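For reference, the structure discussed in these notes is given below.
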Amino acid sequence: MRVLLAGGAGYIGAHTAVALLEAGHEAVLLDNLDNTSAVVAQRIAQITGTTAPLVVGDAADDEVVERAFSEHGPFDAVIHFAAHKAVGESMQKPLEYYANNLDSTFALLRVGLAHGIRSFVFSSTGTVYSDPADLPFTEEATRNLVDLSNPYSKSKLMNEVVLQDVQAVNPDVSITSLRYFNPVGAHASGLIGEDPQGIPNNLMPFVARVAVGRLEAINVFGDDYDTPDGTGQRDYIHVVDLAEGHVAALEKAKPGFAAYNLGTGRPVSVLELIASFERAIGRELPKRIAPRRPGDLAATYCDPAKAERALGWKARLTIDDMTRDVWHWQQGNPGGYEG
Ligand code: WQD
């Protein structure tokens, strides 16, 4: 299949491009580079020996998407990764989050459907689930928009509603929403990985920067949660497993709308992740207990059985694989792509 990856030079997009190319598919990247680097396209070529053309522009702009199709099409499928995704930032900038995360979907659907794509895969999130009583989350767990805590998660759930309604009037098209839990890790080559701008909001890249000496100490946001060791639990999934889940979703796509959780189903706490990272580097890391972060849940993790049944996909990499691969990426790229 020939696939357009909107946001394809980003963290998950780049790993998915590698997985697609290694599975014998073709990939074209569309990215405005506002949260990544054009270097990623070269690294993808280095890993796979194949070039994935990069179209620089905004996926929310119909003319840019049209240019991608006219210069590099036809495409069998579109995968839409292009979104703002920082929960905290979305609380400060709701209009930017709703505009960017919805307008990009509208533009990609308008142009993609006009060009006859057969399949559309959407990057969604496990943060669309709104009731912790439903843990472990299956795909049918409660998703009440008004109960979600932030514009980022709400924009993702709104996207899913749009996608279902659009698919209903395009019955021959497959639309798949992949609900990611906590993507972490890096390709085994160490050539691509997570490279957040500024101080990382997320735990794993923050720990990696402490380990490489760019940050002074890890802040553990609360150790008084109702969890076995008191610290927050998340369902961390290796980005390579996640990328392979996208390939499986495309290869198994059937006309209709479907949503799948992409996670391991295994909750891991903050202290367990840090301990795993310390095993990977062979030394202790400086850490301190800090106040809870507003909006954080004690625990979130999924029941991944539906993806295994329907897609024949199951996450196989462990938290020790994740921390080992992050450390390999960070050591080789202490300043990230531009470093
Ligand atoms: C994980 C745990 C924190 C930082 C992220 C993305 C969100 C979504 C899901 C895609 C929590 C604790 C964190 C730190 C800490 N991704 N923590 N010290 O909040 O689950 O959300 O994944 O949809 O977009 O933001 O991930 O890595 O921020 O936090 O103790 O410096 O680590 O309290 O328990 P989160 P996170």
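Consider only pairs whose beta carbons are under 8 Å apart and that are at least six residues apart or on different chains; among these, list those whose first residue lies in the range 20-31 and is farther than 18 Å from LYS252 by Cβ and without any contact (Cβ under 8 Å) to a residue 40 or more places away in the chain and whose second residue is open to solvent by 20 Å² or more (accessible area, probe 1.4 Å) and part of a loop (DSSP other than H, G, I, E, B). Qualifying pairs under 8 Å: LEU21/THR50; GLU26/MET1; LEU29/PRO53.
Filter the range 137-187 down to the residues that are open to solvent by less than 30 Å² (accessible area, probe 1.4 Å) and without any contact (Cβ under 8 Å) to a residue 60 or more places away in the chain, then identify the one that is nearest to ASP321 (Cα to Cα). Residue satisfying both the conditions and the ranking: ALA141. Regarding ARG209, is this residue more than 9 Å from the ligand (Cβ to nearest atom), within 25 Å of SER37 (Cα to Cα) and either open to solvent by 40 Å² or more (accessible area, probe 1.4 Å) or out of contact with any helix residue (DSSP H, G or I) (no Cβ under 8 Å at 6 or more places or on another chain) (or both)? So ARG209 does not fit the description; no.
Screening GLY335 on (1) more than 10 Å from the ligand (Cβ to nearest atom); (2) open to solvent by less than 60 Å² (accessible area, probe 1.4 Å); (3) modelled with pLDDT of 95 or more shows it passes everything except condition (3).
Would you pick out the residues in the range 119-139 that are assigned to a loop (DSSP other than H, G, I, E, B) and either within 12 Å of the ligand (Cβ to nearest atom) or farther than 19 Å from LYS85 by Cβ (or both)? Passing the criteria: TYR129, ASP131, LEU135, PRO136, THR138, GLU139. Pairing residues of the range 276-302 that are within 9 Å of the ligand (Cβ to nearest atom) with residues that are open to solvent by 30 Å² or more (accessible area, probe 1.4 Å) and among the aromatic types (Phe, Trp, Tyr), at Cβ distances under 8 Å and at least 6 apart in sequence or on separate chains, gives ALA290/PHE221; ARG292/PHE221; ARG293/PHE221; ASP296/PHE221.
Counting only strands (runs of 3 or more DSSP E) that sit wholly inside the range 1-92, those with at least 1 residues that are farther than 25 Å from GLY339 by Cα are 2-6, 26-31, 77-80. Scanning the range 228-249 for residues that are away from the ligand (no atom under 14 Å from the Cβ) and open to solvent by 10 Å² or more (accessible area, probe 1.4 Å) yields VAL240, GLU244, VAL247, ALA248.
The values are calculated or read from the model by the stated rules, or taken from the named source; none is laboratory data. This one's a predicted model, so the numbers in the text were calculated from it and none came from an experiment. Methodologically, a virtual Cβ is constructed for each residue, glycine included, from the backbone with ideal geometry; neighbour enumeration extends over all protein chains shown. Areas reflect the complete protein model, heavy atoms only, side chains present, ligands, DNA and RNA absent. Shrake-Rupley method; radii C 1.70, N 1.55, O 1.52, S 1.80 Å.
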